[in-house]
Amino acid sequence: MDLTILYRGPLASCDYDCPYCPFAKRRDSKGQLTADREALERFTAWAATQTGDRLSVLFTPWGEGLVRSWYRRALTELSQLPHIGRVAIQTNLSGRTTWLADADPERLALWCTYHPGQTPYERFLGRCRELSARGIRYSVGVVGFDEHLEEARRLRAALPAEVYLWVNAAEGHTYTDEEAERWTELDPLFPYSRHPHRSAGLPCRTGESVISVDGDGTVRRCHFVKAELGNLYDGSYRAALGPRACPLAVCDCHIGYVHLETLPLYDVFAGGVLERIPAGLGAGPAPGGPVVPGPSRRTLPLLDL
């Protein structure tokens, strides 16, 4: 089985306090951090034993994972397993990068977000340069607020050409054509983020070849659909996997709509779906083909953007 897993444990603490962040932040207690570590270690141990499958894993924590040693350890260990196609994490890149020396750059990648006002520009750019020097595949992105535009342009000019800079539409913000054009000049794929995608009744890979897993091992089709498919650790989820239509009216988050079969994004991001790197781009080693399952066997019309 080829299976992509979006893992989100209970971790909710972050070293940043972005005013636009949709995730509720809190200061995790020692007990909460211990529970998150134990849940992640259980998941990592499970993934290590699934040698009959080909797994790809994206960690999507509510908070910042890489400032915690157990996330760095999990990424390192999983990157060294031959049945892991790719392991990646969403990160603000605030932490050190020396730990990457022990990871396998053939399988590990980072999805990095730059938050102006939360970290000095030169510090963030320095971290990016460290990743490039280590041969790590990574993408970099910003949230598309007007006040971030000049910083984003500055960052784009400083990054190597092979590093993709993505732009997320700000939640709840409607862009004029003129505003959208400015962001599209930086990220040619911004039109996919500009508007929510109609998804009700449309086929999606989530629940078939892509699943969401929480700290207890509860399996859902994705982070945005609450219906449970079973549990990872007792194997009950496997019988529930199969083609299914999306029950939600729209999908407006990249980690969701990238898996819609009505969009061409598995071709656009072939080889880099998890780390959000379009085909043909990306510092570090690129695989010979898609890391996650390829385009659907079903032929479907594409949505107009």
Just one listed residue, out of Arg68, Arg54, Arg72, is touching a residue at least 24 places away in the same chain (Cβ under 8 Å), among the charged types (D, E, K, R) and open to solvent by less than 40 Å² (accessible area, probe 1.4 Å), and it is Arg72
Lone unmet requirement of (1) in contact (Cβ under 8 Å) with a residue 12 or more places away in the chain; (2) on the phi < 0 side of the Ramachandran plot for Gly135: (2)
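Take the residues in region 256-277 that are among the charged types (D, E, K, R) and in a loop (DSSP other than H, G, I, E, B); name whichever of them is nearest to Ile84 (Cα to Cα).
Applying the filter and picking the extreme gives Glu275.
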Here, strands (runs of 3 or more DSSP E) confined to region 140-255 with at least 3 residues that are open to solvent by 30 Å² or more (accessible area, probe 1.4 Å) are 225-231
I'm trying to understand the selection: among the residues of region 84-100, which are open to solvent by less than 20 Å² (accessible area, probe 1.4 Å), farther than 20 Å from Trp62 by Cα and of a type in the set (S, T, N, Q)? Thr97
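The values are calculated or read from the model by the stated rules, or taken from the named source; none is laboratory data. Values in this document were obtained by computation on a predicted structure and should not be read as measured data. When we count neighbours, we look across all protein chains shown, and the Cβ atoms used for this are built from the backbone with ideal geometry, even at glycine. Keep in mind that these areas ignore ligands, DNA and RNA; they rest on the heavy atoms of the full protein, side chains included. Shrake-Rupley method; radii C 1.70, N 1.55, O 1.52, S 1.80 Å.
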